[in-house]
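Since the structure comes first, as structure tokens, the remarks are kept for the end.
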Amino acid sequence: MIRRLLYYLAIFLPFSVLAQDDLLTLVKEEPKNDPPRSVYATFKTTKIVNSQTIETVKKRNLDFRVTHRFGNLYNSTSANALNEAAHNAFGLDNATDIRLSFDYGITDKLTIGIGRSKYREMNDASVKWRFLTQRENNTIPVSVCIYGNMGYTSMSTNNLYAGTVRPKTNEAHRIQYASQLLIARKFNSWFSLQIMPTYIHRNFIKQQLNTNNGKEDMNDLFSLGIGGRIKLSKRFAVVADYFYNFSQFQHNNPSGYYNPLGVGIEIETGGHVFHINYTNGAAILESSLLTSTQDSWTKGQIKLGFNISRWFTL
Amino acid sequence: MIRLMTTVLCAIIFMMSAQAQFYKGKADASSISFFSKSPLEDIDAVNKKVTVVLRTTTNDIQFAVPMIGFKFQKSLMEEHFNENYVESSKFPTSTFKGKITETIDYSKDGEYKVTVKGTLELHGVTKDIEASGTLTIKGAEIMVSSAFKIKVADYNIKVPSLYVQNIAEIVDVKVNATLEPFAKK
């Protein structure tokens, strides 16, 4: 009898395995030859604080941006610093730089843009191309963009050559360039990091000497930037970026040159992204920012700023 | 007597196993789409990376849908869908586990009106749902189609007040699947 029971059991057991509730596991182990997925949303928008990100404008979308930098919060080098700060509402009465820009996505990976900045009256055109996109399976561990920006200043000839022995006027003197390689990795859903080797060239510079080390200002400037984002909730993140300038003219300069550091928060509401930040950099355009940051965090010379981005689907 | 019973039982079990058919979705022949109609914007997305399994002996039908597989016309929508609404990195798959309530003779060709009852897990929330649809048997293949509605708020998917005009509260979902028999390995 018992042998028979065992006999039945032996027959029934394999079928009881079939009676599992999760039928989906039956087909789970099928090989999948889908191409590895691209990592999306490394950053929420095309800028961190001062720097570009590897994010491009999506195909046939137009990104309209308003970027604003108020005046210095405080200036500890001034004799009557507090009084002065209070009189200009801690910088809110001044606008060091304002930039309006339009960026358009030709493809999901190629963006072109134009912009206008108050600082040195710059009109600029830019191209950003993401030629590598990070994959979820890490076959490509980082996303890489090349970004180029050409600025043309429309300031008056007198202003352009002010303080110099005026050379033969040349349109090319008005142009400055920034080229960057943007390399970013989204480590997980809340942390992204980016490094940015940067090369800046200004066609025309005033002759200036760092009297501490006898180095002159140069047309070319190399800089290395680092930036990142920490996402705290679905729509809220903390962002920061920093550039280290490889310039002997800038280092230990008695007239004071500093590396720009920007810290901010990012709020996303769907089609809009708002940034509220503090930075010591006066200018917004990379080629102006890295060559002319003469304010320091330690002296309270930081500016409240905001970036607003609004996407339109065309 | 017992020997006879054993033989009969064995025969029944083997017959059953011959008929105990599992069906699964044919490659690239199943899709789930949703459609949101609102005053400002129509949103639709299709997902073709759907896994379906049907067990004819018990009328069990189950779906697994990778959320990242939904393709939108606008890539910005797709990013927002994954990042802000369904949170695909936290809740990568949505599953439906249910039963067809009618008895169906799977050996006969024909079209059947069916009702499916079960649970849908989406965005980390599991809810009972019921949907009606049709089941068509044609030779070795079974076609399933259904349309039902999902209330976005039921699944803890929050739409910011600014976008209430753009995203419908209730989303239409359409399911289409073609299944073929498969042998369990």
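The values are calculated or read from the model by the stated rules, or taken from the named source; none is laboratory data. Just so it is clear, the model here is predicted, and its values are computed rather than measured. Every residue, glycine among them, receives a Cβ derived from its backbone with ideal geometry; neighbour counts consider all protein chains shown. The area values use the complete protein model at the heavy-atom level, side chains included, leaving out ligands, DNA and RNA. Shrake-Rupley method; radii C 1.70, N 1.55, O 1.52, S 1.80 Å.
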Q.
List the residue pairs whose Cβ atoms are under 6 Å apart, where the first residue sits in segment A:139-154 and is farther than 22 Å from A:Ile200 by Cα and open to solvent by 10 Å² or more (accessible area, probe 1.4 Å), the second is part of a strand (DSSP E or B) and of a type in the set (D, E, K, R), and the two are 6 or more positions apart or on different chains.
A. A:Val142/A:Arg185
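Go over the candidates A:Phe43, A:Phe70 one by one and state the one that is out of contact with any Phe, Trp or Tyr (no Cβ under 6 Å at 6 or more places or on another chain), in a loop (DSSP other than H, G, I, E, B) and within 25 Å of A:His272 (Cα to Cα). I'd like the intermediate steps shown before the answer.
Numbers: A:Phe70 fails: in a loop (DSSP other than H, G, I, E, B).
Selected residue: A:Phe43, the only one of A:Phe43, A:Phe70 that is out of contact with any Phe, Trp or Tyr (no Cβ under 6 Å at 6 or more places or on another chain), in a loop (DSSP other than H, G, I, E, B) and within 25 Å of A:His272 (Cα to Cα).
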Q: Would you confirm whether any residue within segment B:66-77 is open to solvent by less than 20 Å² (accessible area, probe 1.4 Å), under 25 Å from A:Ile267 (Cα atoms), modelled with pLDDT under 90 and not in a loop (DSSP other than H, G, I, E, B)?
A: no
**Q.** Check on B:Thr119, open to solvent by less than 60 Å² (accessible area, probe 1.4 Å), more than 12 Å from chain A (Cβ to nearest Cβ) and either at pLDDT below 95 or touching a Lys or Arg at 6+ places or on another chain (Cβ under 8 Å) (or both)
**A.** no
Q.
Suppose we filter B:Lys138, B:Lys99 for residues that are among the basic types (Lys, Arg) and farther than 24 Å from B:Asp28 by Cβ; which single one remains?
A. B:Lys99
Q: Collect the residues in segment B:155-185 that are within 11 Å of chain A (Cβ to nearest Cβ), of a type in the set (Gly, Ala, Ser) and either assigned to a strand (DSSP E or B) or free of Cβ contacts under 8 Å to residues at least 24 places away in the same chain (or both), keeping them in residue-number order.
A: B:Ser161
Q: Within segment A:48-57, identify whether any single residue is assigned to a loop (DSSP other than H, G, I, E, B), away from chain B (no Cβ under 14 Å) and free of Cβ contacts under 8 Å to residues at least 60 places away in the same chain, and answer yes or no.
A: no
(Q) If I filter segment A:233-248 down to residues being surrounded by fewer than 21 Cβ atoms within 10 Å (Cβ to Cβ), more than 14 Å from chain B (Cβ to nearest Cβ) and over 15 Å from the mean Cα position of the chain (by Cα), which single residue comes out as farthest from A:Ala41 (Cα to Cα)? (A) A:Gln248
